[in-house]
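Below is one structure; the comments refer to it alone.
The values are calculated or read from the model by the stated rules, or taken from the named source; none is laboratory data. The model shown is predicted, which means the values in this text are computed figures rather than measured ones. For neighbour counting, all protein chains shown are included, and Cβ atoms are generated from backbone atoms with ideal geometry for every residue, glycine included.
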Amino acid sequence: MHRRLTMSHAGLAKPLILDIPFGANPDQPDCTRTTCPHRRRPTLTQTLIIPDLHADPNRLDASLRLVPRQAQIAFLGDFIDAGKNVAHPDDGTVLHRVMALVETGEALAVMGNHELNALLFHRADAKGRPLRQHDPKNLAQHGSFCARFGIGTPEAIAQTQWFLTLPLWQDLGGLRLVHACWHPSAIATIAARRPDGRLREDDLEEIARKETPFARAVDLLLSGPEIPLPPGISFRDNAGHCRTDVRIAWWRSGPSTWREAALSVPDPDDLPDAPIEANDDITFYDEDQPPVLVGHYKMRGTPQIEGPAAACLDYPDAPCVYHWNSDEPLREEGLFGPVTV
């Protein structure tokens, strides 16, 4: 059963470590770290995984209060860009705390699509055109960051430059982390150019165009698979817009129909109750693979673990974290939430 914990907020500047260890021997030494995300690391004994924070310092504080003693912290990206559910957004505070934890080795992190979008938003091509359009939709989505750091300012450039230090995925041996989709062939495509899984400044214009296999692979890991519905099939999203493409819950293993696998569809009965045909952009995750955790998808309802090998932790209305013990399958007992202040 999903555990419900309510934690008070005391304005912590660093994690409050629990006096009682979660799981294994508290005397076990820290693991050895490596900077290469696609290599197998020594298995961590305990890891607290924190999904999308979206500029919410109170949620960050409450999540850090759940860190077991001697545990590693892991962030799933999307640190910036507050949504409507964040009462007191502060992109700067969240970024500075996360950066400090990563730089001192207390935390791991992967890049989210909002970090990539910010890199593109604050940079221009050779003709001076922004790599991500400054249209009303993008300005609204990136509003809390721009309110704090401005648009294209030296401070905005400096803050977003740190995002290039974040790998697109982390493979810890017994646990895998990625923002939106673990896709082996996309990872291989990126690793062929960037073995450490980190983007460089000169990749950004190519990524913005979304025309090459490399650019499409980056988009798949950070935004997840979205595939066309069968001809003649459509649905209306929550804003009333007609859609002919749909997001897919690739982490749900086994045969999946459109109704079972589709995400963000208000009425799944609008979709055919038929199996999804093979598609290069979607590979359902096998249960015999190491566990993988993702954020990104703004799931509804009560957080849940849908299978032993893969799960989404992004539940904006019921924020949660996951406590992972080494060599364990994913299970409901690892979920803690809602994370409140």
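Here is a check on your reading of the model: is Cys181 more than 18 Å from the chain's Cα centre (by Cα) and either at negative phi or in a loop (DSSP other than H, G, I, E, B) (or both)?
Details: more than 18 Å from the chain's Cα centre (by Cα): no; either at negative phi or in a loop (DSSP other than H, G, I, E, B) (or both): yes.
So Cys181 fails the test.
Say we look at region 261-303 and pick out the residues that are more than 30 Å from Gly173 (Cβ to Cβ) and among the charged types (D, E, K, R); which of these is surrounded by the most Cβ atoms within 10 Å (Cβ to Cβ)?
Ranking the qualifying residues of region 261-303, first place goes to Asp270.
With the checklist (1) within 22 Å of the chain's Cα centre (by Cα); (2) closer than 17 Å to Leu229 by Cβ in hand, flag the one item Tyr322 doesn't pass.
Condition (2) is where Tyr322 drops out.
Just for strands (runs of 3 or more DSSP E) wholly inside region 214-300: which have at least 2 residues that are touching a Leu at 6+ places or on another chain (Cβ under 8 Å)? Before the answer, list the steps.
Numbers: elements: 226-228, 245-248, 292-294.
Strands (runs of 3 or more DSSP E) meeting the threshold: 245-248, 292-294.
Taking region 133-161, which residues are part of a helix (DSSP H, G or I) and touching a helix residue (DSSP H, G or I) at 6+ places or on another chain (Cβ under 6 Å)?
Here is the first cut: in region 133-161, the ones part of a helix (DSSP H, G or I) are 136-141, 143-149, 154-161.
Those that are part of a helix (DSSP H, G or I) and touching a helix residue (DSSP H, G or I) at 6+ places or on another chain (Cβ under 6 Å): Ser144, Phe145, Arg148, Phe149, Glu155, Ala156, Gln159, Thr160.
What is the residue count in region 227-251 for residues that are surrounded by fewer than 17 Cβ atoms within 10 Å (Cβ to Cβ) and under 20 Å from Tyr315 (Cβ atoms)?
Going through region 227-251 one residue at a time, the tally reaches 2.
For Ala186, all conditions in the list (1) within 21 Å of Leu53 (Cα to Cα); (2) within 18 Å of the chain's Cα centre (by Cα) hold save one; what is the number of the exception?
Here Ala186 clears every test but (1).
Which condition from (1) assigned to a loop (DSSP other than H, G, I, E, B); (2) surrounded by fewer than 22 Cβ atoms within 10 Å (Cβ to Cβ); (3) in contact with an Asp or Glu (Cβ under 7 Å, 6 or more places away or on another chain); (4) modelled with pLDDT of 95 or more is the one that Pro167 breaks?
(2)
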